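The values are calculated or read from the model by the stated rules, or taken from the named source; none is laboratory data. The structure displayed is predicted, hence computed values, not measured ones. Using ideal geometry, Cβ is built from the backbone for each residue, glycine included, and neighbour counts are taken over all protein chains shown. Calculation scope for accessible area: heavy atoms of the full protein, side chains included, ligands and nucleic acids excluded. Shrake-Rupley method; radii C 1.70, N 1.55, O 1.52, S 1.80 Å.
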Amino acid sequence: MMVLLPIEQRLFVISETMRNIERYFVHWEDSVISSEEFSSLTSYYFKKATEIETQYDFTLLMWELIGSLRNGHTWYVDKTMVPKFGIQNFILEPTSNDWIVKKSFDEELKMGDLIVSVEGKKLNEWYQKIGRYIGAKKETSRRLKMGQILSYFFNDKNIEVEYFDSKGTLRTKNIHCLDANSYTKLVKNTLTTQGYWIKENKVAYIKIPSFSSKIFEEEALKLINKFKNSPSLIIDLRGNGGGSTPLNLIGFLMKEPYYSWLERARHPEWMYKRYSNEEFKFQKDFSFTFCGPIKYYPKDIENCYGGELIILVDKYTASAAEDFTMPFKFHRRGTILGEYTYGSTGQPAYANLTENVNLGIGSIRAYFPNGDEFEGLGIEPDIKVNVTREDIYNKTDSYIEKALDVLM
């Protein structure tokens, strides 16, 4: 159904978005436009906002604006906005050059199948078409996001999908898109922190799917205490998109003092809200405020886990999950195994513009403690793992196999 937005709402949202970006945004080196050019675009976006009346077209305009900033912690969300014709019944995952099926709710389309085209367009053509709406810098992260928003650009409930199956046969299938509620029910899982022995009394395994609630960290701490005497521990952060930084969990595994990110912000008062007891430094022209790296001390070093540690990460490991991973990488505590992480963290400045419209502006830029860049790059694993389509078809976990090779 076509939803019309009052012009006063459109203009208010545009003006508040521009104001918040100018006040808080700190990632201009990644943006496709400079901060100076951004100010000159105000009239363009106001003009477009007066011409666009529907919620769908206005959302695309806002995505275009946010997309030009190329930052994973900057977003525009209208909670009532759903794809007009439904969502495809499979989830895409980018590989180096293609997209494969990460999860499928169709009997014929299998995990690992290689998607060639959707609605007659190659996926790289779709990527070129809708890339301007994607707010991330890193290419892998941008391609990942493309798969998540593709359904917003369909023109029918029935879509034609062309794909290669496990035998290399090129197939074509017509798929009926799912409404948002049906799709949500299918993909919704009860996320829980899980742990068990991979090798009894030798290698313990803990999967932490998220840090969106303290319960994930609390359950992980209980499991680590359970496996405290294990010579080796695997922490699995694959698919963990973050939440709140799990400082207690980090401290319990680090077993030694460690450093946080070096952080940069536009304004000292914004940094002061985060670190009221820390000293700040300023760029020579006072355009940026710096804080950190902060040295943290585990509360009870004698009781920290002291065994061999392996942390599994992938392209979905982001935000607070990267906050977790960084000190282990920087201090060489354990082995980071998998793919480069997503490459975006830092506290967004939040703004609730209307009852349903939320804005997040990337207001903190994080660097490794030594000043090395992180944003848009991610954390490099010590050992890289390449998951093949054959692994997926055979249900082989290459990460676990490689981790066991390292430990043995």
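Report yes if Glu380 is open to solvent by 30 Å² or more (accessible area, probe 1.4 Å) and outside any loop (DSSP other than H, G, I, E, B), otherwise no. Spelling it out, it is not the case that Glu380 is open to solvent by 30 Å² or more (accessible area, probe 1.4 Å) and outside any loop (DSSP other than H, G, I, E, B).
If I filter the range 190-204 for residues that are open to solvent by less than 60 Å² (accessible area, probe 1.4 Å) and touching a residue at least 60 places away in the same chain (Cβ under 8 Å), do I get at least one hit? Yes, some residue in the range 190-204 is open to solvent by less than 60 Å² (accessible area, probe 1.4 Å) and touching a residue at least 60 places away in the same chain (Cβ under 8 Å). Taking the criterion of being within 17 Å of Ile311 (Cβ to Cβ) and open to solvent by 40 Å² or more (accessible area, probe 1.4 Å), the residues of the range 388-408 that qualify are Asp397, Glu401, Lys402, Asp405, Val406.
Listed here are the residues, each with its yes/no results for (1) modelled with pLDDT of 95 or more; (2) under 26 Å from Tyr316 (Cβ atoms).
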site	(1), (2)
Leu170	yes, no
Asp179	no, yes
Leu186	no, yes
Ala204	yes, yes
Ser213	no, yes
Glu219	yes, yes
Ile224	no, yes
Ser232	yes, yes
Ile235	yes, yes
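Condition check ((1) under 30 Å from Ser39 (Cβ atoms); (2) at pLDDT below 95; (3) not polar (S, T, N, Q)) across all residues:
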{"residue": "Met62", "(1), (2), (3)": "yes, no, yes"}
{"residue": "Ile66", "(1), (2), (3)": "yes, no, yes"}
{"residue": "Tyr76", "(1), (2), (3)": "yes, no, yes"}
{"residue": "Met81", "(1), (2), (3)": "yes, yes, yes"}
{"residue": "Asn89", "(1), (2), (3)": "no, yes, no"}
{"residue": "Thr95", "(1), (2), (3)": "no, yes, no"}
{"residue": "Lys102", "(1), (2), (3)": "no, yes, yes"}
{"residue": "Phe105", "(1), (2), (3)": "no, yes, yes"}
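Scanning the range 25-45 for residues that are in contact (Cβ under 8 Å) with a residue 12 or more places away in the chain, more than 18 Å from Gly376 (Cβ to Cβ) and hydroxyl-bearing (Ser, Thr, Tyr) returns Ser39, Thr42, Tyr45.
So in the range 1-37, with the set limited to residues that are of a type in the set (Asp, Glu) and surrounded by 15 or more Cβ atoms within 10 Å (Cβ to Cβ), which one is nearest to the chain's Cα centre (by Cα)? Among those residues, the one meeting the criterion is Asp30. Among the residues making up the range 317-342, those that are open to solvent by less than 10 Å² (accessible area, probe 1.4 Å) and under 18 Å from Glu256 (Cβ atoms) are Phe324, Thr325, Met326, Pro327, Phe328, Ile336.
Yes/no matrix, rows are residues, columns are (1) touching a residue at least 60 places away in the same chain (Cβ under 8 Å); (2) under 27 Å from the mean Cα position of the chain (by Cα); (3) in a strand (DSSP E or B):
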site	(1), (2), (3)
Glu219	no, yes, no
Asn225	no, no, no
Arg238	yes, yes, no
Thr245	yes, yes, no
Leu249	yes, yes, no
Leu253	yes, yes, no
Arg264	yes, yes, yes
Ser287	no, no, no
Tyr305	yes, no, no
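Could you go through the range 292-303 and let me know if any residue there is surrounded by 15 or more Cβ atoms within 10 Å (Cβ to Cβ), part of a helix (DSSP H, G or I), in contact (Cβ under 8 Å) with a residue 60 or more places away in the chain and touching a Ser or Thr at 6+ places or on another chain (Cβ under 9 Å). Scanning the range 292-303 turns up no residue that is surrounded by 15 or more Cβ atoms within 10 Å (Cβ to Cβ), part of a helix (DSSP H, G or I), in contact (Cβ under 8 Å) with a residue 60 or more places away in the chain and touching a Ser or Thr at 6+ places or on another chain (Cβ under 9 Å). Here Lys188 qualifies as within 19 Å of the chain's Cα centre (by Cα), over 30 Å from Phe328 (Cα atoms) and basic (Lys, Arg). Checked against the criterion of being crowded, with 21+ Cβ neighbours inside 10 Å and either within 16 Å of the chain's Cα centre (by Cα) or acidic (Asp, Glu) (or both), the candidates Gly112, Gly72 yield just one match: Gly72.
Identify the residue in the range 38-59 that is open to solvent by 60 Å² or more (accessible area, probe 1.4 Å) and of a type outside the set (Gly, Ala, Ser) and, among all such residues, is nearest to the chain's Cα centre (by Cα). This residue is Asp57.
Residue by residue, here is whether (1) surrounded by 13 or more Cβ atoms within 10 Å (Cβ to Cβ); (2) in contact (Cβ under 8 Å) with a residue 40 or more places away in the chain; (3) in a strand (DSSP E or B) holds:
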site: Lys137; (1), (2), (3): yes, yes, no
site: Met146; (1), (2), (3): yes, yes, no
site: Ile159; (1), (2), (3): yes, yes, yes
site: Glu162; (1), (2), (3): yes, yes, yes
site: Thr172; (1), (2), (3): no, no, yes
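Looking only at residues in the range 345-377 that are under 17 Å from Val313 (Cβ atoms) and in contact with a helix residue (DSSP H, G or I) (Cβ under 7 Å, 6 or more places away or on another chain), which one is least open to solvent (accessible area, probe 1.4 Å)? Taking the candidates together, the pick is Thr345.
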